[in-house]
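Q: Below you'll find the structure I mean.
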Amino acid sequence: TLEADRLQFTPCIPADWKSFLLHYRHRETFYHITVTRAGPGCGVVSVTVDDFLQSDGVVHLVDDHREHLVEIKIG
């Protein structure tokens, strides 16, 4: 879900999927997002952006013309 400059995920993937990757462009900035199953269920366990844990579980989008790595663990 995109809300202004915040991207929030509520993924629910097939049980046999271990992960998936998507590329998201926010203006001139690219976010490479990996969603990984860390256990049963579909709830978001953690969100990190460039190795920094996001305590609110949200990706805060910035247009800094750089590439960012996002890891979302569900389970």
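The values are calculated or read from the model by the stated rules, or taken from the named source; none is laboratory data. Everything numeric in this text was worked out from a predicted model, so none of it was measured. Every residue, glycine among them, receives a Cβ derived from its backbone with ideal geometry; neighbour counts consider all protein chains shown. Protein only, heavy atoms only, side chains kept; ligands, DNA and RNA dropped before computing areas. Shrake-Rupley method; radii C 1.70, N 1.55, O 1.52, S 1.80 Å.
Q: So, counting K/R as plus one and D/E as minus one, what does the shell of residues with Cβ under 13 Å around V44 add up to? Display every interim value, and only then the final one.
A: Values: positive: R37, K73; negative: D56, E71.
Local charge sum for V44: 0.
Q: If F52, F20 are ordered by their accessible area, calculated over protein heavy atoms with a 1.4 Å probe, which sequence runs from highest to lowest?
A: The ordering from most to least exposed comes out as F52, F20.
Q: Accessible area per residue of the chain at 1.4 Å probe, in Å²?
A: Result: 66 Å² per residue.
Q: Please report the carbon-and-sulfur percent of the accessible area for the chain; probe 1.4 Å, protein heavy atoms only, DNA, RNA and ligands left out.
A: 54
Q: Heavy atoms of the protein only, probe of 1.4 Å, neighbouring chains included. What is the accessible area of T34 in Å², nearest 10?
A: Roll a 1.4 Å probe over it and T34 shows about 50 Å².
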